[in-house]
1. Hey, which of the helices (runs of 4 or more DSSP H) in region 235-352, taking only ones fully inside, have at least 3 residues that are in contact with a strand residue (DSSP E or B) (Cβ under 9 Å, 6 or more places away or on another chain)?
2. May I ask you to list pairs of residues, at least six apart or on different chains, whose Cβ atoms are under 7 Å apart, with the first in region 182-194 being closer than 18 Å to ASP206 by Cβ and the second being assigned to a loop (DSSP other than H, G, I, E, B) and β-branched (Val, Ile, Thr)?
3. State whether the residues of region 109-123 include one that is in a loop (DSSP other than H, G, I, E, B) and not hydroxyl-bearing (Ser, Thr, Tyr).
4. Enumerate the pairs (first residue in region 268-283 and touching a residue at least 12 places away in the same chain (Cβ under 8 Å); second residue anywhere and assigned to a helix (DSSP H, G or I) and open to solvent by 30 Å² or more (accessible area, probe 1.4 Å)) with beta-carbon separation below 6 Å, excluding pairs fewer than 6 apart on the same chain, so at least 6 apart or on different chains.
5. Name the single residue that is nearest to the chain's Cα centre (by Cα) among those in region 316-334 being open to solvent by 10 Å² or more (accessible area, probe 1.4 Å) and over 18 Å from ALA167 (Cβ atoms).
6. Evaluate region 87-100: report whether one residue or more is assigned to a loop (DSSP other than H, G, I, E, B), farther than 23 Å from LEU213 by Cβ and not aromatic (Phe, Trp, Tyr).
Amino acid sequence: MKKKLLSVLLVASMAVTMMMGCGTKKSDTQVDTQGGTETVTGADDTQTQIEAEEPTTIRVGAMSGPTAMGMVKLMSDGAAGETANTYEFAELATEASAFVTPLAQGELDIAAIPSNLASTLYNKTEGGVKVVATVNTGVLYIVERGESVQSLADLAGKTVYATGQGAVPEYILRYLLTANGMDADKDLTIQWCADTTEALSYISADENAVAMLPQPFVTAACAQVEGLRVAVDLNDEWEKLDNGCNIITGVIVVRSEFAEKYPNQLAQFLEEYEASVAYTSQDVEGAAALIEQYGIVAKAPLAQKALPNCHLVCLTGSEMKAALEGFLQAVYDQNPAALGGAMPGDDFYYGL
């Protein structure tokens with residue numbers, strides 16, 4: 001029945017084209033009855049895809065902090081009805097665990113989440129999610145109030161206050177220390193803090209304190225503690241290793257079912273998201289205002305200072321896989337449970 005209807009519509013379309021196309025060069029028309037799309041190749045050798053997907057409202061979630069920063073222009077444009085797709089943005093979450101049930105049960109279609117959580121969800125749902133883009137590279141920094149730390153080697157013998165025990169920050173720090181010939185359990189003392197507030201209390205009380213902190217909290221801490229400075233950018237330290245991958249702490253995932261049902265709207269989302277990320281570097285002041293508006297950072301001036309150091313980047317396809325796969329392997333080698341017990345398969349990477 002669908003094929004008959006499509007044939008009738010095609011004949012009607014061609015008839016109208018013949019009646020109205022005086023002076024128009026001949027076009028080659030191909031119909032894909034399986035995919036539900038019609039492709040018309042015109043005289044200018046461009047192709048126009050007539051989409052047969054039923055428009056849907058795309059439900060999007062994001063974790064607060066740098067993970068959500070690149071999405072703010074898309075959020076603003078979506079709310080104003082200025083996007084090709086229709087979006088419904090969930091309230092920003094402060095805990096990664098908040099995405100497990102909504103993604104697993106189909107309450108969200110797309111989400112910006114930590115990269116290790118993406119792998120965990122992939123494993124727990126047996127391929128129910130795919131990663132479609134990166135959000136950012138590293139956002140971790142070593143800070144101190146003096147000038148004693150110029151490299152990772154200078155951490156030897158020191159106490160480093162840090163957050164993120166049992167999570168990606170710990171695995172990044174341990175990986176980098178090992179790569180620089182240091183034993184994280186013998187050559188220095190890592191004092192894990194419950195949160196950034198606790199870490200800040202140590203920094204404020206001890207002028208010799210050294211800490212590992214994430215952006216945008218680094219920028220906020222430097223504004224609060226006199227003399228506090230960035231000593232080492234862990235993203236730079238990772239790149240020095242030239243190990244074929246990047247620190248990828250945040251990614252965009254999509255439910256596999258959604259990707260299969262709405263490939264064109266997913267492709268449009270990726271275009272709009274990439275443009276949103278680009279906006280954050282092209283108009284830092286405007287992006288900072290939106291970041292304050294959506295409650296990601298309390299004040300726009302602080303967001304404006306932090307943005308360039310959050311390393312926002314949108315990689316897709318083979319570039320995404322090259323950057324992410326090696327990083328996940330580095331995490332897996334330290335703690336398989338952090339990725340859900342196994343490295344994700346090739347079908348985890350959308351668009352390949």
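1. So the answer is 256-261, 263-282, 317-334.
2. CYS193/THR163
3. Looking through region 109-123, at least one residue is in a loop (DSSP other than H, G, I, E, B) and not hydroxyl-bearing (Ser, Thr, Tyr).
4. SER276/LYS73; TYR279/LYS73
5. THR316
6. Step one: list which residues in region 87-100 are assigned to a loop (DSSP other than H, G, I, E, B), which gives 90-92, 94-95.
From what's left, farther than 23 Å from LEU213 by Cβ: 90-91.
Retained after the next criterion (residues that are not aromatic (Phe, Trp, Tyr)): 90-91.
Yes, that holds for at least one residue.
A quick yes/no check of all residues on (1) under 14 Å from the mean Cα position of the chain (by Cα); (2) surrounded by fewer than 20 Cβ atoms within 10 Å (Cβ to Cβ):
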| site | (1), (2) |
| --- | --- |
| ASP242 | no, yes |
| ILE252 | yes, no |
| TYR273 | yes, no |
| THR280 | yes, no |
| ALA287 | no, no |
| PRO308 | no, yes |
| PRO336 | no, yes |
| PRO344 | no, no |
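The values are calculated or read from the model by the stated rules, or taken from the named source; none is laboratory data. The shown structure was predicted, so the numbers you read here are calculated from the model rather than taken from an experiment. Using ideal geometry, Cβ is built from the backbone for each residue, glycine included, and neighbour counts are taken over all protein chains shown. The accessibility values were calculated without ligands, DNA or RNA, using every heavy atom of the protein model including side chains. Shrake-Rupley method; radii C 1.70, N 1.55, O 1.52, S 1.80 Å.
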